[in-house]
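Written below as structure tokens is the structure these notes are about.
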Amino acid sequence: MGAVRRKRQLTRKGSLMPEFLHRADGSRLAYARRTGKGPGIVWLGGLRSDMEGTKALALDAWAQREGRAFVRFDYFAHGQSEGDWRAARVGLWREDALQVIDALTEGPQILVGSSMGAWTALLAALARPERVAGLVLIAPAPDFTEKLMWEGFPDEVRAAILTQGEWAQPSEYGDPLIITRGLIEEARQWLLMDTEIGFEGPVRILQGMADIDVPWQHAMALAGKLTSGDVSVHVSKSGDHRLSTPADLEKLVSSVEALCRAVESIG
């Protein structure tokens, strides 16, 4: 499960300094953790995001106020974690999530996944059904490598990935996104949207209709694939992919808080 650096440090502003787990390959996985009451919360960020993002920090501040256990982390090749981006794979990010759950949490957990993090959260929930009590999914992008990338790429982009091994996709969020053949092909073993998704716990989905990265129809399709009978979708007509306005953050926190109460009432 990896060695855990036990000592916790605080910055002057009170936010947690990163600690590190060690992967099987010896590289380091950065995380920040608050101890507290359960059910605990695990934050799973999006592609090329990190644990210092707006939504992650909003939940961290709420968890601190409420005395709630909370963990956020950076995937392989993200943020303060180590790793070569060109070696990044969905399976590695799944392993990161499972290592965090196994090594850093106790008891039932609510996984909060944003964009790609929703895919990771679903994969983790399927692998640890006894540990995952509920899901909050923000602009969920399961199968994005296939459904939102590969299937929409023009022939020349597909050819570049297949023959050259990668393609640099322009991004409005900063540097181009290097999409490798290895990422696309390895992800196919983790696809979820072509069949039922066997998670039975409560699921809350937050989606913006103005999201140009993950269409709202993708979120609705996911809701239909989940076998749980307790799935609800909140759609913001003006919401974009980030869903990070004050109103969006308030909705996120209230959704997580309500799910905590629901899990507590069951337990």
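The values are calculated or read from the model by the stated rules, or taken from the named source; none is laboratory data. The model shown is predicted, which means the values in this text are computed figures rather than measured ones. Here the Cβ is made from the backbone with ideal geometry for all residues, glycine too, and neighbour counts use every protein chain on show.
What the table shows:
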| quantity | calculated |
| --- | --- |
| Among residues of the range 121-144, those that are aliphatic (A, V, I, L, M) and assigned to a loop (DSSP other than H, G, I, E, B), counted | 2 |
| Odd one out for V253, checked against (1) touching a helix residue (DSSP H, G or I) at 6+ places or on another chain (Cβ under 8 Å); (2) not in a helix (DSSP H, G or I) | (2) |
| Matching residues in the range 51-70 - criterion: being assigned to a helix (DSSP H, G or I) and more than 13 Å from the chain's Cα centre (by Cα) | T54, L57, A58, L59, D60, A61, W62, A63, Q64, R65, E66 |
| Residue within the range 75-86 that is more than 15 Å from the chain's Cα centre (by Cα), of a type in the set (F, W, Y) and assigned to a helix (DSSP H, G or I) present | yes |
| Of the criteria (1) surrounded by fewer than 23 Cβ atoms within 10 Å (Cβ to Cβ); (2) modelled with pLDDT of 95 or more; (3) among the hydrophobic types (A, V, I, L, M, F, W, C), which one L16 fails | (2) |
| Filtered residues of the range 111-160 (kept if in contact (Cβ under 8 Å) with a residue 40 or more places away in the chain and basic (K, R)) | K147 |
| Single residue of the range 20-31 satisfying the filter (part of a strand (DSSP E or B) and within 19 Å of the chain's Cα centre (by Cα)) that is surrounded by the most Cβ atoms within 10 Å (Cβ to Cβ) | Y31 |
| Residue check for R48: part of a strand (DSSP E or B), within 26 Å of P142 (Cα to Cα) and either modelled with pLDDT under 90 or not hydrophobic (A, V, I, L, M, F, W, C) (or both) | no |
| First in the range 217-246 and of a type in the set (F, W, Y), second anywhere and part of a loop (DSSP other than H, G, I, E, B) and surrounded by fewer than 14 Cβ atoms within 10 Å (Cβ to Cβ), Cβ under 9 Å, 6 or more apart | none |
| Qualifying residues in the range 227-249 (those that are part of a strand (DSSP E or B) and among the aliphatic types (A, V, I, L, M)) - the one farthest from G134 (Cα to Cα) | V235 |
| Scan of the range 145-183 for residues that are over 21 Å from the mean Cα position of the chain (by Cα), in a helix (DSSP H, G or I) and under 19 Å from D211 (Cα atoms), ordered by number | E151, G152 |
| Filtered residues of the range 51-74 (kept if among the β-branched types (V, I, T) and either buried (at least 21 other Cβ atoms within 10 Å of the Cβ) or out of contact with any Ser or Thr (no Cβ under 6 Å at 6 or more places or on another chain) (or both)) | V71 |
